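*Asks:* Please read through the structure below; I'll follow up with questions.
No value in this document is a laboratory result; all are computed from the given coordinates. Computed from a predicted model, the values in this text were never measured in an experiment. We place every Cβ from the backbone using ideal geometry, glycine too, and count neighbours over all the protein chains shown.
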């Protein structure tokens, strides 16, 4: 799977950010950039996230679980089922972090799951681990 990762001309891994809350999208964008990655698209709903993932083919998608259009779980499942997008690493963000919710996210194909509220440092660490090919 590491061979699927590709850097942009700036050497940064490409990340898609999807969350329906503007403040959270901005915070995730900040963390992704602090991790040394480039945000290729930042979108407010699951339908746009799926379309952006298919057109941009990012290295990593950071998806909110609860979004309009399609949930992060639905986007995750759709990306895993499509051979063209199955190699994209996926980090789910959610206010719900019970063991059952985390298990649902991981069984949908997510590589990692981070509970909200999260710290920028914690998100930076997750993004770096996922773009380095290390399971967080």
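*Asks:* Ranked by Cβ crowding within 10 angstrom, fewest neighbours first, how are 88, 24 ordered?
*Replies:* Values: 88 26, 24 17.
Lowest to highest Cβ neighbour count: 24, 88.
*Asks:* What nm value, rounded to one decimal, do you get for the distance between residue 100 and residue 47 when each label is placed 7 Å out toward the C-beta?
*Replies:* Computed distance between label sites residue 100 and residue 47 equals 3.0 nm.
*Asks:* Can you give me the Cα centroid spacing of the stretch 67-81 and the stretch 96-123 in angstrom?
*Replies:* First find each Cα centre; the distance between them is then 14 Å.
*Asks:* Counting other beta carbons within 10 Å of each Cβ, put 119, 131 in order, fewest first.
*Replies:* The order, fewest Cβ neighbours first, is 119, 131.
*Asks:* Kindly identify the stretch 11-71 as rounded, prolate or oblate by the Cα gyration tensor criterion: order the square roots of the eigenvalues as a ≥ b ≥ c, call it rounded if a/c is under 1.5, otherwise compare a/b with b/c, prolate if a/b is larger, else oblate. Kindly include the intermediate steps, with their values, before the conclusion.
*Replies:* Numbers: a/c = 2.61, a/b = 1.30, b/c = 2.01.
Taking the square roots of the gyration eigenvalues as a ≥ b ≥ c, the stretch 11-71 is oblate.
*Asks:* Could you tell me which of rounded, prolate or oblate describes the stretch 7-136, using a ≥ b ≥ c as the square roots of the eigenvalues of the alpha-carbon gyration tensor, with rounded for a/c under 1.5 and, failing that, prolate when a/b is larger than b/c and oblate otherwise? Spell out each step's value before the answer.
*Replies:* Details: a/c = 1.28, a/b = 1.11, b/c = 1.16.
Because its axes are fairly even, with a/c under 1.5, the stretch 7-136 counts as rounded.
*Asks:* By counting other Cβ atoms within 10 Å of each Cβ, how are 23, 111 ranked from fewest to most? List each step's numbers first, then the result.
*Replies:* Details: 23 8, 111 21.
So the residues, fewest neighbours to most, are 23, 111.
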